[in-house]
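Please read the structure below before turning to the comments.
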Amino acid sequence: MHPNQLRTAHAATFTALFSTALHAADPQLDPIVVTATRQATRVNELTSDVSVITRQEIDQAGETTLAQLLARQPGIQYVANGGAGSNSGVFVRGASTNQSIVLIDGQRIGSATSGSAALSRIPLNQIERIEILRGPASSLYGADAIGGVIQIFTRRGEGSVQVNASTGYGSYHTTDTSVGIAGGTEWVSYSVQAGYTNTDGFNAINNKNNLFYNRDRDGYYNRNLSASIAVRPAKGQELGANLLVSKGTNQYDGNDFSALGAAQSFSNDQNVGNYSIYSRNRLHQAWTSTLRLGRSTDDSKDYIGNFRDSSFKTTMDLASWQNDIKLPVGEALLAAEYNKQQVNSTTDYTVTERTIRSLLAGWNGHIDQHRLQLNLRHDDNSQFGRKRTGFAAYGYQFSPQWRAHISYGTAFRAPTFNELYFPSLFGFAGGNPNLKPETAKNTEVGVNWEQGSHRASAVFYYNQVTDLIEFRPPTFVPVNVSKALLRGATLTYDGRFSAWAVGIALDFLNPRNEEDGPNKGNRLARRAEQQMSSYLSRSLGNWEFRGEWQLLGNRYDDPANRVRLGGYGLVNLYADYRLQRDWVLFARANNIFDKDYETVDNYTTAGANVFVGVRYAPK
């Protein structure tokens with residue numbers, strides 16, 4: 001059967017299985033999201049591919065890392081160089097780990113030297129919800145949104161004063177504790193949450209022939225704090241502030257190439273901070289203005305024993321002014337942004353800062369059964385000049401149950417400071433200040449079916465990425481020479497039958513190197529062509545049970561496709577028991593069949609592990 005016919009058959013099967021004994025669509029089941037348009041919109045009114053991770057799903061994750069939680073969502077795969085706290089990242093629709101944006105409360109985080117966000121340093125206990133936008137989004141958020149956008153929202157308060165707390169213990173001597181207080185009135189709302197995590201971990205590299213092998217446990221500990229406050233002195237007027245601080249240290253296997261190198265202790269201290277203040281004002285019945293000032297920091301230091309080997313600190317200062325204007329048809333978006341990125345490092349970069357000035361405009365509208373979205377953005381970067389990106393989408397509601405959309409968008413990724421200015425060693429492996437941004441053109445078609453508490457979708461995408469930056473021999477100086485094709489399909493279903501809930505996501509990805517040369521036609525490194533993620537849950541009195549099954553196809557660890565990483569399947573279990581109205585005893589078991597697998601060659605992943613805890617969360 002042709003692959004397209006196979007995908008169509010899967011979609012038809014979903015519809016046939018769940019088209020009976022269902023009720024009319026319930027709009028209350030569709031959450032309101034902001035990431036897809038930068039304006040509050042119900043999911044069932046979007047012309048893009050979006051997922052939402054709720055606080056309930058986060059509670060059920062146990063000691064799972066953020067990257068692992070994201071990898072259970074449609075269209076996302078992850079890699080990690082070891083256990084908790086290790087270097088990790090996610091591929092959104094096959095785009096590399098630095099080709100997607102991570103936002104916290106509307107503000108970008110990440111390292112300007114590596115180009116990636118420190119997902120391992122963002123604790124789940126600080127997160128209220130996560131929105132995932134798959135597909136190009138540079139027309140909304142600027143550089144690096146080739147694969148998509150992951151937006152994290154920290155805890156918020158409302159209603160009477162409430163205290164929450166959670167603590168647990170698990171495999172690898174893992175402890176995880178958090179406590180918080182939140183509340184609010186018509187005039188003010190607030191939240192403060194603090195947490196601590198510690199684990200002995202496991203040996204990150206188990207291959208004794210590896211240069212960096214060190215027979216020890218690579219542990220991790222983290223301290224974190226978030227806070228928010230919002231004051232509403234009058235109707236339609238709000239002033240607020242948000243902060244998130246996470247400080248973590250992880251051990252890793254390394255080698256300083258001395259006789260004692262492999263026996264020494266290697267560790268990384270990485271502190272991530274996100275701070276912002278905002279003023280949201282309804283200037284007119286049809287006009288809302290939001291002014292935001294903020295700073296994010298990513299401060300990383302590597303140690304050999306007690307000696308600091310290197311440090312890399314990125315500071316990003318952001319100012320944005322967004323205007324949402326209701327029109328006779330639809331709603332307009334007009335915004336201006338200013339972003340200054342500065343690098344302080346033990347590495348001697350020839351340039352240590354850059355500024356990006358941006359203007360963006362958009363419009364979302366409904367005309368009868370027609371839905372439209374248009375976005376245009378202009379970025380002026382002090383390093384490489386001007387870049388324009390756009391997005392256009394059309395959707396049609398065929399019936400209360402069926403809707404479809406088609407879209408086209410462009411995106412780009414800015415070169416990192418490492419790629420541009422890293423000092424060379426005798427002309428070897430240095431930066432290239434003449435690099436251009438990587439660019440992408442994406443076409444997408446999707447269809448959604450909704451009825452009662454049941455949702456199914458099929459999305460097909462075709463993303464052409466050009467001017468990819470590659471470190472080519474013999475000098476390994478980065479150059480714009482590569483291009484890639486990311487095409488695939490995602491099929492999903494989620495539904496509830498009385499006390500039962502079930503969900504499945506199937507991903508078919510074809511990530512290929514399209515550059516003429518010895519690797520043309522090869523699969524991009526560390527991406528699997530097939531992935532399945534599913535769950536089944538059951539409520540039974542005070543009990544809640546959940547089982548998860550993940551399957552991932554084989555991958556290659558290198559561009560030449562010579563180092564093969566085998567596929568794997570994971571089974572996870574979760575259960576909780578409500579002791580009283582506000583007290584829950586919970587347990588989670590991951591990889592219960594103790595599957596031995598790798599996401600990066602030579603780097604170990606967790607075996608069978610268990611985490612048990614108690615949670616106090618007033619209803």
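List of remarks:
- Per-residue ³J(HN,Hα) for region 197-202, Karplus 6.51 cos²θ - 1.76 cosθ + 1.60, θ = phi - 60°, Hz, x for Gly and Pro: 10, 8, 8, 6, x, 9
- Charge dipole of region 3-616 (Cα centre as origin; +1 on each Lys and Arg Cβ, -1 on each Asp and Glu Cβ, all else neutral): 800 debye, rounded to the nearest 20.
- Taking a point 7 Å out from the Cα of HIS284 in the direction of its Cβ, none of the residues of region 359-393 has a backbone N less than 15 Å from it.
- Region 515-523 - phi-based ³J(HN,Hα) in whole Hz, Karplus 6.51/-1.76/1.60, Gly and Pro as x: 7, 4, x, x, 9, 4, x, 6, 6
- Rough spin-label spacing in nm, given labels placed 7 Å along Cα→Cβ, for VAL329 and VAL571: 5.6 nm
- Restricting region 530-619 to chymotrypsin sites (Phe, Trp or Tyr not before Pro) in coil, as DSSP defines it, with at most 13 other Cβ within 10 Å: PHE593
- Note on TYR616/VAL481: beta-carbon distance plugged into 1/(1 + (r/R0)^6) with R0 of 56 Å gives a FRET efficiency of 0.50.
- Per residue of the chain, the DSSP helices (runs of n ≥ 4 H) give a summed -39500 (n - 2.57) that works out to -1500 deg cm²/dmol at 222 nm.
- Cross-link table LYS387/LYS441; LYS235/LYS619; LYS208/LYS520; LYS208/LYS301; LYS208/LYS313, entries beyond 25 Å C-alpha to C-alpha: LYS235/LYS619; LYS208/LYS520; LYS208/LYS301; LYS208/LYS313
- In region 3-616, a dipole from Cβ-located charges (positive for Lys and Arg, negative for Asp and Glu) runs towards its positive end, and of ASN250, LEU359, ALA165 it is LEU359 whose Cα lies farthest in that direction.
- Backbone HN-Hα couplings from phi across region 554-569 [Karplus 6.51/-1.76/1.60, Hz, Gly and Pro as x]: 5, 9, 10, 7, 9, x, 6, 6, 9, 9, 8, 9, x, x, 7, x
- Highest mean first, the peptides 32-45, 177-190 sorted by other C-beta atoms within 10 Å per residue fall in the order 32-45, 177-190.
- Order of ILE406, ILE122 under a 10 Å beta carbon neighbour criterion, fewest first: ILE406, ILE122
- Taking a straight Cα-Cα cut-off under 18 Å and skipping sequence neighbours fewer than 8 places away in the same chain, the aspartates and glutamates within cross-link reach of LYS247 are GLU63, ASP176, ASP200, ASP218, ASP269, ASP298, ASP299, ASP302.
- If you sort the three axes of the alpha carbon gyration tensor as a ≥ b ≥ c, you get a/c under 1.5 for the chain, which makes it rounded.
- Simple label model, 7 Å out from Cα along Cβ direction - LYS208 to ASN306, nm: 3.3 nm
FYI, it's all coordinate maths here, none of it is from the lab. These numbers come from a predicted model, not from an experiment. Heads up, the Cβs are rebuilt from the backbone with ideal geometry, glycines too, and the neighbour counts pull from every protein chain shown.
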